[in-house]
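Have a look at the structure below, then the notes.
Any read-out appearing in this document is the output of simple, stated calculations on the displayed coordinates, not a laboratory observation. This is a predicted model, so every value here is computed, not measured. Virtual Cβ from ideal backbone geometry, glycine too; neighbours counted across all protein chains shown.
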Amino acid sequence: YGDPSQKIDYVFKLVLIGDSGVGKSQILSRYARNEFSLDSKATIGVEFQTRTLVIDHKSVKAQIWDTAGQERYRAVTSAYYRGAVGAMLVYDVTRRQTFDHIPRWLEELRNNADKNIVIILVGNKSDLEDQRAISMEDAKEFAEKEGLFFLETSALNAVNVESAFSTVLTEIFNFVN
Ligand code: GDP
Ligand code: MG
């Protein structure tokens with residue numbers, strides 16, 4: 001995952017938001033370290049993780065921030081959003097409530113973040129198909145209406161995690177170039 005001696009052309013700050021338990025920390029751990037844990041404890045300590053990738057022959061360092069268990073409504077401070085150029089808005093496809101709260105998170109994002117922030121809606125835990133509570137069509141329709149990218153992911157099975165991040169990072173890259 002990146003040669004530490006290489007020169008960095010861009011650093012993009014991304015933020016992960018969404019209700020507690022939707023899998024934000026595991027999505028990040030899958031992306032930054034290719035690790036997954038089924039009994040992950042509420043996030044403590046580490047504020048962000050990074051991964052460096054190459055887009056169009058430029059090296060881009062993604063600095064990805066994870067909420068430290070502050071998912072209660074309005075508990076995430078404006079400092080968290082400061083400087084963010086991308087956001088991953090995560091719900092759990094097996095828990096309706098986490099999808100119903102997405103408009104709140106979106107509002108909070110729009111009130112605190114840059115107006116050009118690139119947002120992807122992510123329905124995580126797609127591996128739990130038999131427990132699905134939100135159809136892909138409903139989520140897609142919502143995303144289209146709000147002008148968001150959309151993907152379903154499984155941090156457990158490493159499905160679409162790479163794509164979700166690269167969608168956001170490529171869009172940001174194209175915007176600044
Ligand atoms: P956070 O509170 O949003 O950071 O959620 P966590 O990353 O701590 O995950 C909450 C729980 O969901 C943990 O038990 C994870 O192992 C589990 N989890 C996360 N991602 C997935 C996934 O893609 N599939 C399944 N089946 N479980 C997941
Ligand atoms: Mg967490």
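Model label sites at Asn116 and Ile8, defined 7 Å from Cα along the beta-carbon direction, differ in position by 2.0 nm.
Test of understanding: in a Gaussian network model of the chain with alpha carbons linked when under 10 Å, which of Gln63, Gln49, Gln131 would top the mean-square fluctuation ranking? Comparing Gln63, Gln49, Gln131 in the GNM, the peak value goes to Gln131. Extension gain, Asn34 to Thr50: 0.36 nm times the residue separation minus the Cα-Cα distance gives 4.5 nm.
Local charge sum around Ala158 (other residues, Cβ-Cβ under 11 Å, Lys/Arg +1, Asp/Glu -1)? Within the 11 Å Cβ shell, the charges total -2. For the stretch 54-177, the share of DSSP beta bridges that are antiparallel, to the nearest 5, is 20%. Put in line by how crowded their Cβ is, counting other Cβ atoms within 10 Å and starting with the fewest, Tyr80, Tyr91 read Tyr80, Tyr91.
Remark: C-alpha extents of the chain on the principal axes read 44, 33, 31 Å, sorted largest to smallest. Spin-label model, Asp138 to Thr77: label points 7 Å out along the Cα-to-beta-carbon direction sit 3.6 nm apart. For the chain, leaving out every one of the GluC sites (Glu not before Pro) that falls in a DSSP loop and has at most 12 other Cβ atoms within 10 Å, the longest unbroken run is 48-177. Of the candidates Ala87, Ala164, Ala143, which one comes out as most mobile in a Gaussian network treatment of the chain with C-alpha springs shorter than 10 Å? Looking only at Ala87, Ala164, Ala143, the biggest GNM fluctuation is shown by Ala143.
Listed by chain and number, the lysines whose C-alpha is less than 28 Å from the C-alpha of Lys58, apart from same-chain residues fewer than 8 away, are Lys7, Lys13, Lys24, Lys115. Taking Gly18, Gly83, Gly123 as the candidate residues, the one with maximal mean-square fluctuation in a Gaussian network model of the chain, Cα springs under 10 Å, is Gly83. For the chain, the longest principal axis of the C-alpha atoms and the axis of helix 136-146 are separated by about 60°.
The angle between the Cα long axis of helix 24-33 and the main principal axis of the chain comes to about 30°, on a 0 to 90 degree scale.
Approximating the spin labels as points 7 Å out from Cα along Cα→Cβ, the Ser20-to-Ser59 distance works out to 3.9 nm.
Using only Cα atoms and rounding to the nearest 10 degrees, what angle (0 to 90) does helix 161-176 make with the longest principal axis of the chain? Helix 161-176 sits roughly 50 degrees off the main axis of the chain.
For the stretch 95-157, relative contact order (Cα pairs under 8 Å, six or more residues apart, normalised by length) works out to 43 percent.
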